[in-house]
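Beneath this line is the structure, given in structure tokens, with notes to follow.
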Amino acid sequence: MNKTVLITGASSGIGAATAKLLASNGYKLVLCGRNADRLKEIENELSKSVVATALFDVRNREEVERALKPVLKNHTIDALINNAGNAHGLAPIQDGSVEDWDAMIDGNVKGLLYVSKPVIKQMTERRAGHIVNIGSIAGKEVYPNGNVYCASKYAVDALSDGMRIDLNPYGIRVSQVNPGLVNTGFSTVRFKGDKEKADATYKGMEPLYAEDIAEVIWFMLSRPAHVNISDVVVFPTAQASSTIVKRQ
């Protein structure tokens, strides 16, 4: 294996689990994140596989461009995993926070585009590559109080399809993974550190874990060149839809 994968949000959750699994399967890694300490920890843990790291917040276009410029100059990116994203708040639209809306749209939509653009340029020049976008069941089904978060993930769904169409002439594969309930600390961010509310999200059921999604990503990347797993929804067994969950 001599392929290099760039992962955003690589310092925790699905990103970190994916980095570890890909490293164990011989991939070279470019790890990107905004938490310097956590990024350094996983870099040290996977040092034999890490060829570069890049510290930036995907919401900041100048940071992204500045950090990725030397990476793309020195490394051929065979696959891009757009994993970085966020959810803030769970409120009806009339009570929503504009700051929360900005954070979700800037991170989940604009951030994905900021990272993808320079990587796509390299891929189209080579006429090869694979992009995996991490969506959500929230991009397939709108649920109560999900409004803007769901809208941002519906945008990821549309962008994945748009990328697949526009990049088809270049032989670039585009895939999307849409998880249901995944216990990665995601809910703690959504509820602004309120651990009691976050824990209630998974009460009485077994959710997915970051490693489960990492395995799906690895499967997508490891298919032969003529195969593209374009779109996958992954639920824990206890979940039937965005709003139907069997709890004990």
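When the stretch 165-177 is filtered for residues that are touching a Lys or Arg at 6+ places or on another chain (Cβ under 6 Å) and either surrounded by 17 or more Cβ atoms within 10 Å (Cβ to Cβ) or small (G, A, S) (or both), the ones remaining, listed by number, are G171, V174. Scanning the stretch 1-23 for residues that are touching a helix residue (DSSP H, G or I) at 6+ places or on another chain (Cβ under 9 Å), outside any loop (DSSP other than H, G, I, E, B) and of a type outside the set (A, V, I, L, M) yields G13, G15, T18, K20. Each residue in the stretch 29-39 was checked for being under 16 Å from T18 (Cα atoms), of a type outside the set (A, V, I, L, M) and not in a strand (DSSP E or B), and 1 pass. None of D37, D100, D57 is at pLDDT 95 or above, over 24 Å from I172 (Cα atoms), open to solvent by 10 Å² or more (accessible area, probe 1.4 Å) and within 14 Å of the chain's Cα centre (by Cα) except D57.
Taking the stretch 139-149 as the range and being crowded, with 22+ Cβ neighbours inside 10 Å and within 13 Å of P179 (Cα to Cα) as the test, only G139 passes. Just wondering, is there one or more residues in the stretch 116-133 that are open to solvent by less than 20 Å² (accessible area, probe 1.4 Å), part of a loop (DSSP other than H, G, I, E, B), at pLDDT 95 or above and under 27 Å from L181 (Cβ atoms)? The answer is no, given that none of the residues of the stretch 116-133 is open to solvent by less than 20 Å² (accessible area, probe 1.4 Å), part of a loop (DSSP other than H, G, I, E, B), at pLDDT 95 or above and under 27 Å from L181 (Cβ atoms). A single member of G85, G89, G162, G107 is assigned to a helix (DSSP H, G or I) and buried (at least 16 other Cβ atoms within 10 Å of the Cβ), and it is G107.
The values are calculated or read from the model by the stated rules, or taken from the named source; none is laboratory data. Owing to the predicted nature of the structure, the values given are computational and were not obtained by experimental measurement. Please note: Cβ atoms are built from the backbone with ideal geometry, for glycine as well, and neighbour counts cover all protein chains shown. Accessible surface areas use protein heavy atoms only, side chains included; no ligands, DNA or RNA. Shrake-Rupley method; radii C 1.70, N 1.55, O 1.52, S 1.80 Å.
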